[in-house]
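Working notes for the structure below.
The values are calculated or read from the model by the stated rules, or taken from the named source; none is laboratory data. These numbers come from a predicted model, not from an experiment. Here Cβ is always computed from backbone atoms with ideal geometry, including for glycine, and neighbour counts include all displayed protein chains. In case anyone asks, the SASA skips ligands and DNA or RNA and just uses the protein heavy atoms, side chains included. Shrake-Rupley method; radii C 1.70, N 1.55, O 1.52, S 1.80 Å.
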Amino acid sequence: MQLTVVGTGYVGLVTGACFAEMGNEVTCVDIDERKIENLKRGILPIYEPGLETIVSGNVSAKRLQFSTSLQDALAASDVYFIAVGTPPNTDGSADLRYVLDVARDIGRYLSHYAIIVDKSTVPVGTAERVREAIAAELQARGVDIPFDVVSNPEFLKEGDAVADFMRPDRVIVGCDSDTARDRMRDLYATFMRNHERLLFMSVRAAEMTKYAANAMLATKISFINEIANLCERLDVDVESVRRGIGSDSRIGYSFIYPGCGYGGSCFPKDVKAIIRMADDCGFEPVVLKAVEARNEQQKQLLFGHIVREYGNDLKGRRFALWGLAFKPGTDDMREASSIVLLNALIAAGARVTAYDPVATQAAHAELPESWFKSGALVLANDQYQALEGADALILVTEWKPFRHPDFERMGRLLKEPRIFDGRNQYDPQRLGEAGFRYTGIGRSNIRQPE
Ligand SMILES: NC(=O)c1ccc[n+]([C@@H]2O[C@H](COP(=O)([O-])OP(=O)(O)OC[C@H]3O[C@@H](n4cnc5c(N)ncnc54)[C@H](O)[C@@H]3O)[C@@H](O)[C@H]2O)c1
């Protein structure tokens, strides 16, 4: 099939590359000329394990190409995926400007029957607005070209995006036309040869399913964080509680790891957007508001632990920080907990030496240049270098190389053997035996060396 994917970010590039891998001919379009130029030269705009190999293989096979011209791509394709960003407006609602810009462009250039697929995460009712935007342009041109609008939200996880796309738990398609349904079934059949995981539903239900899925996952995280905070006050180790409840098959282990809050480009904005959708129809989303409030507080937790230890004035202190990305496996720092912590530490006068295996470029893009210029923030070249002479280590992102570090070496490099563990990666007992003082999330019952 001939496909066009509009938007070449985390979702668009993975979508385009994976469809090409299955033999389709794909054009990925983006308005960012530099991004497209780089992609043409084999330089990817994002870090995503396994993606580079698939992209280069399919470019060589001439199944995948990149362009800034939607008009050229439209002439050749019959299915168009809209995979542009939907960032939050100041009121929390999803900003649909980019989605509707693409819809209008499609209407301007469409020349034959086409299926337009909303892959971006968009509020209930957006497909209708996309349909109206395209129809208005066709009408202005005085042409009558049939088209269908389908909702096909994406569920990939950054850090595992290629595997998720190639072997999806399920594919959701919201659609009200038989032609579009058959075409979408054809397109996705190659990804699910063993059993059917393609779920058809109404367009509005598909749009809602994406928000409900992210809100559910965010709820699990905020729930365990709330339990962790309670454990801390009741002298209970939340890690025992986590294992105790995760073993219940009705609950399960996934997404119940206590930590310093969720970030990323999806959960924070999607929880905000679903709250906004509820507010807009006069419904009070009490659970969802609590999920968001707990997460905002959770992102402040590590700083609270640090202030408890060192006081409010952190002038003269320097901390080592491991992990800037919002989670392991990605260079994405959007809404990362590290940003909240860095802001608080630097405002209190501390200096920070941070290390992240891949988010160095993202750090320069996301964080104020003044921090780098003044030396308030220094990026280290490796995880141990960051520790040299620091008052303590703060672990924010649980990258694999941080899980089993050389504690003896760490003890020698740090000014004090002190660890604040924002992801409960370490065994406090063992760290205590190795002479470290340790603070995790919800683990206050563990005896520490004085
Ligand atoms: N990142 C994820 O893990 C993830 C997972 C599932 C769903 N989503 C959803 O997918 C959508 C895209 O997310 P993302 O993280 O890939 O975004 P992104 O910011 O990484 O990429 C969006 C791209 O769209 C391009 N763009 C904007 N307007 C355009 C236009 N008019 N024409 C062509 N290109 C245009 C931008 O230049 C950018 O490259 C969002 O709605 C997001 O909520 C994201």
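Some values worked out for this structure:
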{"item": "Flag for Asp164 being more than 14 Å from Val11 (Cβ to Cβ) and either more than 15 Å from the chain's Cα centre (by Cα) or not β-branched (Val, Ile, Thr) (or both)", "result": "no"}
{"item": "Residues of region 189-213 that turn out to be open to solvent by 10 Å² or more (accessible area, probe 1.4 Å) and not in a loop (DSSP other than H, G, I, E, B), as a count", "result": "13"}
{"item": "Criterion (touching a strand residue (DSSP E or B) at 6+ places or on another chain (Cβ under 7 Å), of a type outside the set (S, T, N, Q) and open to solvent by 30 Å² or more (accessible area, probe 1.4 Å)) met by exactly one of Lys289, Lys272", "result": "Lys272"}
{"item": "Complete set of residues in region 147-188 that are buried (at least 21 other Cβ atoms within 10 Å of the Cβ), modelled with pLDDT of 95 or more, within 16 Å of the ligand (Cβ to nearest atom) and assigned to a loop (DSSP other than H, G, I, E, B)", "result": "Asn152, Pro153, Glu154"}
{"item": "Sole residue being within 13 Å of the ligand (Cβ to nearest atom), out of contact with any Gly (no Cβ under 6 Å at 6 or more places or on another chain) and open to solvent by less than 20 Å² (accessible area, probe 1.4 Å), chosen from Ile106, Ile116", "result": "Ile106"}
{"item": "Contacts under 7 angstrom Cβ, first residue in region 288-314 being farther than 14 Å from Ala392 by Cα, partner loosely packed, with under 14 Cβ neighbours inside 10 Å, 6 or more apart", "result": "Asp313/Gly349"}
{"item": "The one condition in (1) farther than 24 Å from Tyr384 by Cα; (2) buried (at least 20 other Cβ atoms within 10 Å of the Cβ); (3) of a type in the set (Asp, Glu) that Glu284 fails to fulfil", "result": "(2)"}
{"item": "In region 214-250, the residues that are open to solvent by 20 Å² or more (accessible area, probe 1.4 Å), under 29 Å from Ser265 (Cα atoms) and of a type in the set (Val, Ile, Thr)", "result": "Thr219, Ile221, Ile227, Ile245"}
{"item": "All positions within region 1-35 that are surrounded by fewer than 20 Cβ atoms within 10 Å (Cβ to Cβ), among the β-branched types (Val, Ile, Thr) and more than 9 Å from the ligand (Cβ to nearest atom)", "result": "none"}
{"item": "Members of region 57-92 that are surrounded by 17 or more Cβ atoms within 10 Å (Cβ to Cβ), among the hydroxyl-bearing types (Ser, Thr, Tyr) and more than 13 Å from the ligand (Cβ to nearest atom)", "result": "Ser77"}
{"item": "Some residue of region 206-228 being more than 23 Å from the chain's Cα centre (by Cα), within 15 Å of the ligand (Cβ to nearest atom) and within 20 Å of Pro88 (Cβ to Cβ)", "result": "no"}
{"item": "Single residue of Thr126, Thr68 found to be closer than 15 Å to Cys28 by Cβ, assigned by TED's automatic domain parsing to the domain that holds Tyr10 and β-branched (Val, Ile, Thr)", "result": "Thr68"}
